[in-house]
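Notes follow the structure.
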Amino acid sequence: MAATLFSDIQYLKGVGQARGEKYRKLGINSPYELIYHIPRAYLDFRAHVPVAQAVLNDYNVLKLTILKKLPPQRIKGGLVICKAAASDGIDDILIVIYNNVYYFQALKEGGTYYMYGKVNGNFLRKEISSPVYIKAEEKVLIQPVYHLTQGLSVTMVRNNMRQALDMMHREPFETLPDEILRRYELCPLMDALENIHFPQSDMAAEIARRRLAFDELLKLQLGMSMMKTRSRRSTAYKMDSSISVAPFVEGLPFELTDDQKKAVSEIVADLCKDVPMNRLLQGDVGSGKTAAAAAACYFAAKNGTQSALMAPTEILASQHYRTLSEFLEPFGVRVSLLTGSLTAKKKAALREQIAAGETDVVVGTHAIIQKDVEYRDLALVITDEQHRFGVAQRAALAEKGDSPHKLVMSATPIPRTLALIIYGDLDISAITQLPKGRKPVKTYAVTGKLRSRAFGFVRDRLNEGRQAYVVCPMIEESESDLFAVKTYAENAAKNDLKGYVTALLHGKMKAAEKDKVMKKFRDGEIQVLICTTVVEVGVDVPNAAVMVIENAERFGLSQLHQLRGRVGRGQYESSCILITDNTSDECVKRMKIMSSTSDGFKISEEDLKMRGPGDFFGSAQHGLPPLKIADIACNMELMNKAQNCARELLAADPELDSRENRALKMDVMRLFNKDIIG
């Protein structure tokens with residue numbers, strides 16, 4: 001079968017079924033998807049040096065002629081070592097290639113090659129190990145380096161890429177109209193795809209990258225806008241603006257901040273429209289988002305409809321249930337908790353109440369979007385920590401009602417620039433003020449030398465009757481990480497925290513175990529909780545007044561800020577101690593930022609600058625298509641242009657159905673889940 005750009009990758013010449021499987025592991029299913037497998041770096045073979053000037057124990061580019069190939073040697077364990085004598089015309093060098101006979105066979109005696117590899121040896125005798133090479137007559141001397149998987153080599157991918165690009169030139173396509181290319185100063189797509197893989201110069205690669213980054217941001221904006229348009233098709237739950245939330249707001253045991261009042265009025269105004277609300281309620285840890293969400297639930301209940309709040313964990317769902325019950329039940333609003341750990345009998349009874357409309361607010365984990373849960377009048381859907389769910393789960397909850405209103409809460413302060421992209425289908429309300437009486441947490445960064453003093457400070461707080469968190473990094477949740485955390489907890493209980501009641505909490509524990517430990521900590525039965533980032537989004541313990549974060553350099557700024565937000569939730573002055581032995585400039589800068597500000601939005605801006613959008617959420621699934629080329633932190637100007645372009649295109653052709661926009665629409669549908677856009 002002759003391969004086309006959209007046929008299975010295995011039909012590309014020289015790929016076949018086995019290699020096709022390797023490509024599928026990288027998410028590449030067709031030659032078209034291969035073309036969009038963007039190089040992670042380039043090897044510049046133009047910058048070659050003579051053998052005499054090669055830096056030992058470092059990577060160098062050399063131009064070498066093969067003098068003599070030696071027979072391959074087989075050594076213990078089945079390893080094959082291939083060697084060849086080579087020269088740059090003045091000095092000799094030995095080429096050594098391990099366990100890759102085919103790669104070695106492709107080298108010809110008398111042939112001249114550019115080689116990139118690590119040069120070892122001494123002044124008299126040098127060798128280059130397992131070099132990447134190209135023939136000296138190769139016209140393109142800037143060669144791509146790709147993300148690979150076992151069984152795929154750089155050379156294989158390069159060769160397959162060359163074939164896919166040749167195929168593309170035989171079936172040329174362009175996704176943007178000429179007029180847009182001119183206005184936004186973009187090169188044609190064919191040129192961009194050719195030059196991102198095999199650039200003739202640094203400038204050519206840069207021009208290509210700009211076009212492809214623009215495309216990526218444009219598709220993202222188009223997809224988000226189309227989702228927004230789809231969600232704006234009338235709702236069955238236009239609420240009555242003459243109903244007032246004032247009794248609820250005035251009946252709270254505290255006064256709402258101006259930001260909270262503004263958020264409540266924006267939400268209520270949205271609930272009274274005939275299109276569904278689609279709003280992000282963003283605010284720092286402890287800024288009082290739940291009170292604003294409770295006002296929305298109150299308003300919905302007084303309009304005779306139901307609300308549902310979905311949280312990512314049972315612990316958090318239980319906390320929301322308690323908070324909402326305290327806020328709402330005095331006003332006759334009935335609140336229920338539905339989680340996976342309820343008995344079958346309790347679940348069945350609760351499902352009946354929900355279907356009969358005998359409960360006004362349902363709080364729970366993803367259990368509340370299961371197929372067997374039916375609502376009588378679900379008018380308002382609230383998701384907490386949205387980026388942990390993803391677009392598909394948000395859509396599943398929204399399907400439970402007849403185009404219900406949607407409110408998304410996030411305690412991860414996201415720079416507005418990034419929020420516009422991640423929540424491009426939402427309007428944004430931000431709570432930036434802390435409630436009255438909340439004291440900022442004092443933060444100190446110290447090295448391991450001061451660990452014993454830090455724990456002396458912790459013991460002083462415990463002796464005053466306070467509680468403490470000690471956070472250990474367990475980034476991968478691997479067995480070795482888990483062992484390290486358990487060992488740390490055992491050592492701490494015997495040494496620094498001897499005589500105090502400690503407990504361990506980590507992500508590998510069952511939900512019921514976690515809940516049990518957190519309940520004991522909340523009830524004051526545990527004095528020190530030694531934990532992993534499982535507490536990042538967690539339970540309020542007003543008596544917890546000190547937090548120690550070990551190996552603080554292993555956390556992102558936003559994550560450190562989230563963790564710090566676990567303390568300082570009561571009337572006691574609270575402290576956070578960051579311990580790190582990393583003295584690199586970047587680490588010192590990050591620790592200074594943490595010690596100097598408690599503004600989550602400021603911290604998130606810095607985090608975005610330092611880490612880039614790819615790492616901003618760590619491993620959290622925010623449900624967005626990944627960006628391969630565009631760097632939002634650096635591409636703000638380009639992002640603004642892409643937003644303008646998306647607005648223009650959709651104003652003229654809201655569904656992108658015209659002939660000139662069809663290819664672009666197909667790309668948007670490929671980037672997003674087809675059912676969300678299509």
In segment 202-286, which helices (runs of 4 or more DSSP H) lie fully inside it and hold 3 or more residues that are closer than 30 Å to Asp653 by Cβ and at pLDDT below 85? 202-231
Segment 550-586 - residue that is over 17 Å from Ser596 (Cα atoms) and without any contact (Cβ under 8 Å) to a residue 40 or more places away in the chain and, of those, surrounded by the fewest Cβ atoms within 10 Å (Cβ to Cβ): Ser584
Select from segment 155-171 the residues that are among the polar types (S, T, N, Q) and closer than 13 Å to Val15 by Cβ and write down the one among them that is nearest to the chain's Cα centre (by Cα). Asn160
Which numbered condition Gly77 misses (of (1) assigned to a strand (DSSP E or B); (2) loosely packed, with under 13 Cβ neighbours inside 10 Å): (1)
Can Glu127 be described as assigned by TED's automatic domain parsing to the domain that holds Asn100, out of contact with any Pro (no Cβ under 8 Å at 6 or more places or on another chain) and of a type in the set (Asp, Glu)? yes
Selected residue [in the same structural domain as Ile603 (by TED's automatic domain parsing), surrounded by 24 or more Cβ atoms within 10 Å (Cβ to Cβ) and among the hydrophobic types (A, V, I, L, M, F, W, C)] from Met547, Met509: Met547
If you go through segment 629-639 one residue at a time, do you hit one that is over 19 Å from Tyr32 (Cα atoms), at pLDDT below 55 and either under 14 Å from the mean Cα position of the chain (by Cα) or not acidic (Asp, Glu) (or both)? yes
Do we have Met239 as more than 30 Å from Met168 (Cα to Cα), crowded, with 17+ Cβ neighbours inside 10 Å, of a type outside the set (Lys, Arg) and within 26 Å of the chain's Cα centre (by Cα) here? no
Quick check on my filter: what residues within segment 325-342 are outside any loop (DSSP other than H, G, I, E, B), farther than 13 Å from Gly364 by Cα and in contact (Cβ under 8 Å) with a residue 12 or more places away in the chain? Phe327, Leu328, Pro330, Phe331
Identify the single condition in (1) surrounded by 16 or more Cβ atoms within 10 Å (Cβ to Cβ); (2) more than 30 Å from Ile81 (Cα to Cα); (3) under 28 Å from the mean Cα position of the chain (by Cα) that Pro199 does not satisfy, given that it satisfies every other one. (3)
Qualifying positions in segment 17-71 - at negative phi, assigned to a loop (DSSP other than H, G, I, E, B) and under 29 Å from the mean Cα position of the chain (by Cα): Leu26, Ile28, Asn29, Ser30, Tyr36, His37, Ile38, Pro39, Arg40
Being at positive phi, of a type outside the set (S, T, N, Q) and over 25 Å from the mean Cα position of the chain (by Cα): is that true of Gly286 here? no
Which residue, of Asp425, Asp384, Asp360, is touching a Pro at 6+ places or on another chain (Cβ under 9 Å) and either charged (D, E, K, R) or at pLDDT 90 or above (or both)? Asp384
Starting from segment 495-507, take each residue that is among the charged types (D, E, K, R) and list its partners that are crowded, with 18+ Cβ neighbours inside 10 Å, counting only C-beta distances under 6 angstrom and pairs at least six apart or across chains. Asp496/Phe455
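Each row is one residue, and each column tells you yes or no for (1) surrounded by 13 or more Cβ atoms within 10 Å (Cβ to Cβ); (2) in contact with a helix residue (DSSP H, G or I) (Cβ under 7 Å, 6 or more places away or on another chain).
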| position | (1), (2) |
| --- | --- |
| Gly20 | yes, yes |
| Ile35 | yes, yes |
| Lys68 | no, no |
| Ile97 | yes, yes |
| Tyr102 | no, no |
| Leu107 | yes, no |
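The values are calculated or read from the model by the stated rules, or taken from the named source; none is laboratory data. Keep in mind that what you see is a predicted model, and the values were worked out from it rather than measured. Every residue, glycine as well, gets a Cβ built from its backbone with ideal geometry; the counts of neighbours run over all protein chains shown.
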